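The values are calculated or read from the model by the stated rules, or taken from the named source; none is laboratory data. All figures in this text were calculated on a predicted structure; none of them were measured in a lab. No Cβ is skipped: glycine too gets one built from the backbone with ideal geometry, and neighbour counts run over all protein chains shown.
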Amino acid sequence: MIKKILIIGLLAGVGLIFFDLFNAYQGSEVLGKTGRYYAENGADEVGAANLVTAVIVTYRGLDTLGEVTILFLTAAIISFVLKFRREDFIPNRPVRITSELLDSASQVIVPVIFMVGIYIFINGHLTPGGGFQGGAVIASGVLLMIMANPNFGISHKVIAKVESISGIAFVLIGIMGIFLAGGFLDNRLLGLGNLGELFSAGVIPIIYTFIGLKVGAELSNILGTISHAQNEKN
Amino acid sequence: MFIAIAIVIGVASLISGFIAIHHEKLSVAIIASGMVSLFASVIFLLLAAPDVAMTEASIGSGLTTLIFFYVLNKIRQRND
């Protein structure tokens, strides 16, 4: 009884706090100081038609590097925790037969999903989305492949190579920015080009391609590891 | 019009959240929790944040749901 009263009291307290916040909220018609700077100078300084990308890759590029590192750590920890000995492993576990629909659909749709993912990260500086979104879309293509064939193994060699090459390239481009342009992860290494063209905005498309490959490889690796762990004997 | 769509989607996501918590079959609960993410991604799209919507749709309702299913499968194997 006391427990229930405590829970209700706690909920009422949280509700009160949020009601207060909600009441005090006033939507503002003008941008804040930082936002206004980005909106006014972003297109000229960075040359990206998509301002969100300009902020994520250039102005807040260091944060993005941190996020990518966190994702890498997560993938590494999952692989480490789900490691098991070879003798506990069933090479081909019995699985339910995949339905005709899923099987045919995976063969038709997977290449299209990969293409959409690659489109999203290559056009990150022009259209909504970018490396993280494109990588997640690619990983959902891998997910469909795993669902259609549960014993499908992901090559860890390929994943490791793609992942490490793109990570190193991302940091190298950032460091080159210190020497050849204004600072770490400055995108003016290459010319800014015309606003709205595919080859514009300096190195943003290159960085976003590497981020997309890295994120796609990491998420696919997580999926592959978890799928692989299903083969463990109990 | 926008508010009407937003209310419908909000109510639908509340209902699927309720199903996710209270349904007896765990597989139905997992699918319902994936549906919450799907409705959330539609709301993000309505709020003019297509990039967030993309992430939510692919990670929230795609990858997370599958990982939940794998864990469920593992728990069932252990209990047999």
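For segment B:21-30, the tally of residues that are closer than 23 Å to residue A:221 by Cα and either out of contact with any helix residue (DSSP H, G or I) (no Cβ under 6 Å at 6 or more places or on another chain) or not in a helix (DSSP H, G or I) (or both) stands at 0.
Here is a yes/no grid of residues against (1) more than 9 Å from every other protein chain (Cβ to nearest Cβ); (2) modelled with pLDDT of 85 or more:
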{"site": "A:99", "(1), (2)": "yes, no"}
{"site": "A:109", "(1), (2)": "yes, yes"}
{"site": "A:114", "(1), (2)": "yes, yes"}
{"site": "A:118", "(1), (2)": "yes, yes"}
{"site": "A:125", "(1), (2)": "yes, no"}
{"site": "A:128", "(1), (2)": "no, no"}
{"site": "A:142", "(1), (2)": "yes, yes"}
{"site": "A:147", "(1), (2)": "no, no"}
{"site": "A:151", "(1), (2)": "yes, no"}
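For residue A:161, the conditions (1) within 14 Å of chain B (Cβ to nearest Cβ); (2) without any contact (Cβ under 8 Å) to a residue 24 or more places away in the chain all hold with the exception of (1). Of the residues making up segment A:182-204, not one is under 18 Å from the mean Cα position of the chain (by Cα) and either surrounded by fewer than 24 Cβ atoms within 10 Å (Cβ to Cβ) or modelled with pLDDT of 85 or more (or both). Residue count for segment A:153-170 under the criterion of being in contact with a helix residue (DSSP H, G or I) (Cβ under 7 Å, 6 or more places away or on another chain), among the aliphatic types (A, V, I, L, M) and at pLDDT 80 or above: the result is 3. Write out, first by first residue and then by second, each pair whose Cβ atoms fall under 8 Å of each other, whose residues are 6+ apart or on separate chains, and whose first residue, in segment B:40-61, is more than 12 Å from residue B:2 (Cα to Cα) and in a helix (DSSP H, G or I) while the second is modelled with pLDDT of 85 or more and among the acidic types (Asp, Glu). From segment B:40-61, the pairs are B:40/B:56; B:41/B:56; B:44/B:56.
If you go through segment A:142-165 and keep only what is of a type outside the set (A, V, I, L, M, F, W, C) and either touching a strand residue (DSSP E or B) at 6+ places or on another chain (Cβ under 8 Å) or under 23 Å from residue A:105 (Cβ atoms) (or both), you end up with A:149, A:150, A:151, A:153.
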